[in-house]
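Down below is the structure, laid out as structure tokens.
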Amino acid sequence: MEKRWKDKVLDNLPEGPVVARVYEGADCRAAPPIVLYLHGGAFADIKGDGEHPVARALADAGSIVVAPDYRKASEPAFPNALERAFSVLRYLNGKRKLFGAARSPLFVAGEEAGGNVAAAAALKARDAIPGDLDGQILLSPLLDPSMGTASFRDAEQIGMRQRWSEGWNTYLGFGGGVCHPYAAPCYCSRLAGLAPALVMTAADDPLRDEAVGYCSRLEKAGVFVRRHVLPIGTGWPLMYGGCCDGDTRWLEEIRDQFALFLQTLKARTV
């Protein structure tokens with residue numbers, strides 16, 4: 001597989017320098033989308049190492065993807081992980097020409113725990129830099145600390161229930177941040193004005209119900225949403241480390257759905 005990424009240190013951030021892996025698609029256009037990608041890991045392993053296949057899939061849709069190390073193990077997860085992620089988002093917003101072009105659209109994306117932080121970053125962007133975020137990409141976002149949805153009952157089957165329970169406790173400081181809408185976006189009562197969203201999940205995904213439920217609430221608030229639920233057997237749970245007998249068609253789905261999302265947003269602005 002051809003290597004299309006490089007490591008870069010993002011300087012002059014309020015929280016200090018952040019190391020990021022930057023991916024570039026083979027067919028990047030003149031003003032390629034810039035995507036801040038936040039990887040998962042059940043909150044307990046937010047750092048992550050090596051190449052991120054999801055980031056590569058997003059880049060293959062013709063974008064520049066910046067995947068930062070947005071969590072320090074020595075500090076409480078919330079709100080520090082969000083603040084660092086948002087700091088990178090604001091940095092990219094002011095440095096669009098450095099990574100793409102002045103008119104490159106800006107997106108935030110994340111899967112599982114990273115999807116939670118991405119959703120929160122979109123909320124914070126609406127409040128702090130209104131109009132500057134062009135879209136959010138939420139892939140099986142881990143949004144509901146109550147873990148009480150019907151689909152979540154399948155978490156035991158793929159070996160994720162205990163990991164997610166421990167992850168939520170770690171992220172929220174054993175309950176300290178659970179009431180804050182940036183910590184658990186599914187509890188946010190004010191969703192109007194958010195950037196358009198691409199939300200993806202799968203029929204065999206324990207996080208399906210909270211992802212679909214968030215879609216419905218976004219739509220009710222007037223947010224444009226493109227939702228896509230993959231069928232059983234595409235290997236989707238492998239994205240966040242779940243046991244699964246499926247293949248890896250989910251990576252192609254992420255690439256294709258992001259490309260369609262971009263086309264839809266472009267058509268909406270014409």
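Points worth noting:
- Any hit, the range 141-155, residues being part of a strand (DSSP E or B) and crowded, with 20+ Cβ neighbours inside 10 Å: no
- Subset tally (residues that are more than 17 Å from GLU156 (Cα to Cα) and not in a loop (DSSP other than H, G, I, E, B)) for the range 225-245: 6
- Residue within the range 56-70 that is within 19 Å of LEU194 (Cβ to Cβ) and among the acidic types (Asp, Glu) present: no
- When ASP132 is tested against (1) of a type in the set (Asp, Glu); (2) under 27 Å from ASP256 (Cα atoms); (3) buried (at least 18 other Cβ atoms within 10 Å of the Cβ), exactly one condition is not met: (3).
- The sole residue among GLY222, GLY175 that is in a loop (DSSP other than H, G, I, E, B) and either among the aromatic types (Phe, Trp, Tyr) or modelled with pLDDT under 90 (or both) is GLY175.
- Every residue from the range 1-23 that is at pLDDT 90 or above and surrounded by 16 or more Cβ atoms within 10 Å (Cβ to Cβ): LEU10, ALA20, ARG21, VAL22, TYR23
- Residues considered: GLY115, GLY62, GLY94. Of these, the only one that is surrounded by fewer than 19 Cβ atoms within 10 Å (Cβ to Cβ) and either in contact (Cβ under 8 Å) with a residue 60 or more places away in the chain or closer than 26 Å to TRP236 by Cα (or both) is GLY62.
- Residue within the range 143-155 that is under 22 Å from PHE86 (Cα atoms), touching an Asp or Glu at 6+ places or on another chain (Cβ under 7 Å) and among the hydrophobic types (A, V, I, L, M, F, W, C) present: yes
- Top-ranked residue in the range 24-40 [being touching a strand residue (DSSP E or B) at 6+ places or on another chain (Cβ under 9 Å) and not aliphatic (A, V, I, L, M); ranked as modelled with the lowest pLDDT]: CYS28
- Residue that is farthest from the chain's Cα centre (by Cα), among those in the range 215-248 that are aliphatic (A, V, I, L, M) and either within 17 Å of LEU143 (Cβ to Cβ) or exposed (fewer than 14 other Cβ atoms within 10 Å of the Cβ) (or both): ILE232
- Answer from PHE78, PHE107 - the residue that is in contact with a helix residue (DSSP H, G or I) (Cβ under 9 Å, 6 or more places away or on another chain) and at pLDDT below 95: PHE78
- Condition met for PHE43 (out of contact with any Lys or Arg (no Cβ under 6 Å at 6 or more places or on another chain), at pLDDT below 90 and either buried (at least 24 other Cβ atoms within 10 Å of the Cβ) or under 17 Å from ASN12 (Cα atoms) (or both)): yes
- Subset of the range 81-126 [out of contact with any Ser or Thr (no Cβ under 6 Å at 6 or more places or on another chain), farther than 27 Å from GLY41 by Cα and assigned to a helix (DSSP H, G or I)]: GLY94, LYS97, LEU98
The values are calculated or read from the model by the stated rules, or taken from the named source; none is laboratory data. The model shown is predicted, which means the values in this text are computed figures rather than measured ones. Cβ coordinates were reconstructed from backbone atoms using ideal geometry, including for glycine residues, and neighbour counts include every protein chain displayed.
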